[in-house]
Amino acid sequence: MQNSRSKPCSCPSLKLREVASMYFTLVAAFLVILVVALQGSVPRQSHFPYKVPLDPQGLLELSWNVSYPEQAVHFQLLLRELQFGLLFGMSDRGEFENADLAVLWSDGHNSYFGDAWSDAKGQLHMDSQQDYQLLGARRAPEGLYLLFRRAFSTCDPKDYLIEDGTVHLIYGILEKPVHSLQAINISALHGGLQRVQLLKPNISIPELPGDTKTMEITAPDVVIPSQETTYWCYMAELPAGFPKHHIIMYEPVVTAGNEALVHHMEVFQCTAQFDSFPHYNGPCDSKMKPERLNYCRHVLAAWAMGAQAFYYPEEAGLAFGGPGSSRYLRLEIHYHNPLVFQGRRDSSGIRLYYTASLRPHDAGIMELGLVYTPVMAIPPGEDSFVLTGYCTDKCTQLALPAAGIRIFASQLHTHLAGRKVVTVLSRDGREQQVVNADGHYSPHFQEIRMLKEVVAVFPGDELITTCTYNTEDRSRATVGGFGILEEMCVNYVHYYPQTQLELCKSAVDPGYLHRYFNLVNRFNDEEICMCPQVSVPQQFYSIPWNTFNRDVLKSLYGFAPISMHCNKSSAVRFPGEWEKQPLPSITERLPEPTPRCPPTPGAQPAAPTPLNLGRLRR
């Protein structure tokens, strides 16, 4: 047997040019394989279940899907009229400053895509870590499709952390060619914002029974007013003698062409205490609106732009019709018409799916948070003032069944100053889990959201709802109440089985608040009238808001006993002592969630990706 190492080499010698040719051939082959791999990772168009128009004209359309195994969102942007590029991204409240951006731009000949960020002055910078990953771009008769991917968390300090709750998406259209990313002037862009819930829950959809019927509660060919914001009210009526049914699903019905104008919609059922309600079809804030319509407040359905159909769990349905249930419903539509279109007609609304085959449980809706009262107030000039409402162990012990209840959906609610809302379940003084949280909450985007997992609440548990407010643009105190410039802190939780407990909320004890007013009067030079005949709002309005008065009020809300409202649907409290109740004691809090960083792919140059889109022009 010959020694192979001693065998003389019969291979021809390779010249430098040949070596280089082989090298570049291998590189080209690798790039082809990479492109094929990327194309394979692009979800098919049918795999983008969520869709929302970005701009009022509907020229930009965003579709997306969520991959929880990958911890990533896949985006598909349709640009119906491509000019010289687009900025798309996310920021804390929808600002173009301090934003995380994917940018497509062109100098008129060549096009580029890159991950960028803007600083506090709005200047753009290419991100050193390219986390918006381009998956593809293709032209179609309807426009240009741009596909890209973004991980929930990148651990890049310049990137936005995608989490549960509201996400403020921003966009800007480049109307002129630009020769570099840094040359883009954000202040000169035609742009805007859109709010969505990006991280939709991955839950199974129950099958509808064979006897399912539908009912559409829609506006009767309304002419949308030519103003930016309109709330339109329309009264509908169930048929006489309509028996009890279960609503098991609902979905939006939006007039074609008005997808960018119909911002959100709600259907309310009226109270059964009145035999009849007047018909009405007009603006909700009109002086012509009958006052009795204010008694139509029980939410049957709520939809906001970007939301999909809402399904009840197969064990429960929302009861409507039958004895003790009002036949009268109020549809409320929020039209957002920033371009002030004239003459647009609309017949949008909500389609209810209901069945006479009643499910095992009636679903219920319970109010958590703060009572609508002026004793809870926020000083002016605050960037993040916190108020907390309690559903105490004493109330749940008395009002909930031994087997507990199951919360499957939630609608958070504040007025204009609200910035964050969270409800936490606590048991024996230890926080157990978050029921629902929105760290980027907007009062302009409210919807009933299905929870990722059902939350079990048992007798003796506590449900604690905390709201954070910003009043930097206000010059006097903001008190709790029903007015739009007053404040609320509410979580409407949807649960089963329905119980008599409809409201479990709190407010600071009025006696302790009176002591606060006396203390403020004693320690301030100005003479403030704290007379009993002066209303609580007037007393708050007269306070000079120095650091001392602010800090003492924060402290008061953090230790003073509370007045508990543990109420039945009749608005009567359950029997018991509910005044001057101690605040729940929390001995163990949930740890702050730690963002999961994706594997580091290694150093990537802060360079854009060239795109072959041809010559772009107006």
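The values are calculated or read from the model by the stated rules, or taken from the named source; none is laboratory data. Just so you know, these numbers come straight off a predicted model, no measurement behind them. Positions of Cβ are backbone-derived with ideal geometry, glycine not excepted, and every protein chain shown enters the neighbour counts. With ligands, DNA and RNA removed, areas are computed over all heavy atoms of the protein, side chains included. Shrake-Rupley method; radii C 1.70, N 1.55, O 1.52, S 1.80 Å.
How far apart, in nm, are two points set 7 Å out from the Cα along the Cα-to-Cβ line at Thr214 and at Lys244?
With each label point 7 Å from Cα toward Cβ, the separation is 2.7 nm.
Please sort 329-336, 431-438 by packing, taking for each peptide the average over its residues of neighbouring beta carbons within 10 angstrom, highest first.
Highest mean packing first, the order is 329-336, 431-438.
If we count every other residue with Cβ under 14 angstrom of Ser153's Cβ, Lys/Arg +1 and Asp/Glu -1, where does the sum land?
So the environment of Ser153 carries a net charge of -4.
Report the local net charge at Arg359: Lys and Arg +1, Asp and Glu -1, summed over other residues whose C-beta lies under 14 Å from its C-beta.
Spelling it out: positives minus negatives among the neighbours equals -3.
Using a simple spin-label model with points 7 Å from Cα along the Cα→Cβ vector, what separation in nm is obtained for His444 and Lys176?
2.8
R0 = 60 Å: FRET efficiency of Phe341 with Thr609, Cβ-based, nearest 0.05?
0.95
Measure off 7 Å from each Cα along the Cα-to-Cβ vector at Lys121 and Arg297, then give the distance between these two points in nanometres to one decimal.
If labels sit at Lys121 and Arg297, their model points lie 5.0 nm apart.
Highest mean first, how do 231-241, 446-456, 410-420, 580-590 rank when packing is the count of other Cβ atoms within 10 Å averaged over residues?
The peptides rank, most packed first, as 410-420, 446-456, 231-241, 580-590.
Would you give the gap between the C-alpha center of the range 355-406 and the C-alpha center of the range 229-254, rounded to a whole Å?
Going from one Cα centre to the other spans 25 Å.
Calculate one ³J(HN,Hα) per residue across the range 83-90 by plugging θ = phi - 60° into the Karplus curve 6.51 cos²θ - 1.76 cosθ + 1.60, and present them in order as whole Hz with x for glycine and proline.
9, 10, x, 7, 9, 9, x, 9
Kindly list the residues of the range 303-335 that lie in the label zone of Glu259, defined by a backbone N under 11 Å from the point 7 Å along the Cα-to-C-beta vector.
Of the residues in the range 303-335, 306 have backbone N under 11 Å from the label point off Glu259.
With every protein chain present, what is the per residue accessible area of the chain (1.4 Å probe, Å²)?
Per-residue accessible area for the chain comes out at 48 Å².
Among all the lysines, which ones have a C-alpha under 17 Å from Lys505's C-alpha, if same-chain residues fewer than 8 places away are not counted?
Lys394, Lys568, Lys580
Multiply the residue gap between Phe559 and Leu358 by 0.36 nm, knock off their C-alpha separation, and tell me the result in nm, one decimal place.
Here the answer is 67.8 nm.
Net charge near Glu447, counting Lys/Arg +1 and Asp/Glu -1 over other residues with Cβ under 14 Å of its Cβ?
It works out to a net charge of -2.
Whose amide H sits under 5 Å from the amide H of Val299, counting only residues 5 or more places off or on another chain, with H placed in the peptide plane?
Sorted by chain and number, the residues that satisfy this are Gln269.
Among 497-505, 538-546, how do they line up from the highest to the lowest mean number of other beta-carbon atoms within 10 Å?
497-505, 538-546
Mind putting a number on the dipole of the range 423-552 about its Cα centre? Charges go on the C-beta only, +1 for Lys and Arg and -1 for Asp and Glu, and I need it in Debye to the nearest 20.
100
At 1.4 Å probe size, with the rest of the protein present, what percent of the exposed accessible area of the chain is carbon and sulfur atoms?
52
Using R₀ = 51 Å, calculate the FRET efficiency as 1/(1 + (r/R₀)^6) where r is the Cβ-Cβ separation of Lys580 and Ala188; round to 0.05.
For Lys580 and Ala188, the calculated efficiency is 0.30.
Against the longest alpha carbon principal axis of the chain, how many degrees, from 0 to 90 and to the nearest 10, is the axis of helix 547-559 turned?
80
Calculate how steeply helix 16-41 sits against the longest principal axis of the alpha-carbon atoms of the chain, using the helix alpha-carbon long axis, and give the answer as 0 to 90 degrees to the nearest 10.
Here the helix axis deviates by roughly 30 degrees.
Please find the FRET efficiency linking Leu161 to Leu398, where r is the Cβ-Cβ separation and R0 is fixed at 35 Å, and quote it to the nearest 0.05.
According to the calculation, E is roughly 0.30.
I need to check one value: relative contact order of the chain, counting alpha carbon pairs closer than 8 Å and at least 6 residues apart, in percent.
15
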